[in-house]
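The structure under discussion appears below in the form of structure tokens.
Just so you know, all these numbers are worked out from the coordinates, no wet-lab data involved. Treat the numbers as computed from the prediction; the structure is a model and nothing was measured. Positions of Cβ are backbone-derived with ideal geometry, glycine not excepted, and every protein chain shown enters the neighbour counts.
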Amino acid sequence: MPNQSNHRTVDGSEVGGESVQGGTARTSERERPKLLYYPCCGHDLADPMRYFVDDCEVFWFVDRGTVPGIEGGFERWMAEHLKMRLIRSVEKRVEARSEYMFRGQMRRRFSPRWLEQIYQHVETGRKIKVIRKKGLGEYTFRHHLEAVDVFFYRGDSWGEGGSGIGWLKPPKIYQVLNKLVDGGLLVTDGSNSDSYKNREEFIRYRLRYGSERESDEALLARVQSFRAYGCSFDCEGLAGHRYGPTLIWRVQKRPRENQQTSAAAERG
Ligand SMILES: C[S@@+](CC[C@H](N)C(=O)[O-])C[C@H]1O[C@@H](n2cnc3c(N)ncnc32)[C@H](O)[C@@H]1O
């Protein structure tokens, strides 16, 4: 579990508004609720909720193929596992094909729909907001989020049902790091990251073919910090396993190296 910061609450009355969607990296930390973003999530909601429910107040889950959920019902799972009771739910849809992406020369359009829900902890009264959206991960990231505290991304691939989106390789990783707050978390199994030699930090600790799986403790003991993309990455723990260990990286921006990062992000 990452460092626990001072908790802030999400006001239930804001459920339909824009104010809890993210704020900007410039907004004072006290005002802005902490936000987790997981694009291309499918129905992989349990671990991000379990590991970050105490750390974040706003959760965005986005998948192109489905309104993300959990088998047996997300609301029920939240109540049983996290003692979070649903107190407000709003369903939204946009019939006009308002989201788009570019694939080669083609501009493909998409009609999103989503659920915005407020949950309240039965013992402490603390509220969180969960947005589960059938929509495009890139569009949502670009147009709806300004600052991200936890970028969660795993279980994806280039083909066979994978999104084929290189969230963790240039140029897209620069956009991700640009929106991630300084000191924010990147939580990943290294899906769709750069796998060139010397650029394979996010997948370095995946189980090699034929080797035996080690304990989580042994694995964490040998994970090393690294620098890349104008930032330093320090491992703070593990948030389960997918295509490899899902490592929790604390990301510190390095101002001088970052001048290149920002330029690349704008180009990307
Ligand atoms: C291989 S699945 C991984 C799901 C999840 N991360 C997991 O570990 O179970 C890839 C997912 O990406 C979604 N996807 C593909 N393109 C997308 C896009 N442009 N935006 C959002 N989701 C997308 C697919 O619908 C699919 O559910």
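In terms of surrounding Cβ atoms within a 10 Å radius of their Cβ, Thr124, Thr188 rank from fewest to most as Thr124, Thr188. Straight-line reach from Lys129: taking Cα to Cα under 21 Å and skipping same-chain neighbours fewer than 8 places apart, the lysines in range are Lys34, Lys83, Lys92, Lys179. The smallest convex shape that holds all Cα atoms of segment 166-268, its convex hull, gives 96 Å³ per residue. Here the ratio of the Cα radius of gyration of segment 32-153 to 2.2 N^0.38 Å is 1.07.
Ranked for footprinting exposure by Cβ neighbours inside 10 Å, fewest first, Glu123, Glu214, Glu99 give Glu123, Glu214, Glu99.
Taking 7 Å steps out from each Cα toward its Cβ at Glu214 and Arg227 produces label points 2.5 nm apart. For Lys127, the aspartates and glutamates whose Cα comes closer than 17 Å to its Cα, not counting residues fewer than 8 places off in the same chain, are Asp11, Glu14, Glu18, Glu31, Asp54, Asp55, Glu57, Glu75, Glu80, Glu116.
Going by neighbour counts of Cβ atoms within 10 Å, the residues Lys134, Lys83, Lys129 line up, fewest first, as Lys83, Lys134, Lys129. Computed over Cα pairs, the Kirkwood radius of segment 119-184 leads via Stokes-Einstein (0.692 mPa s, 37 °C) to a diffusion coefficient of 233 µm² per second.
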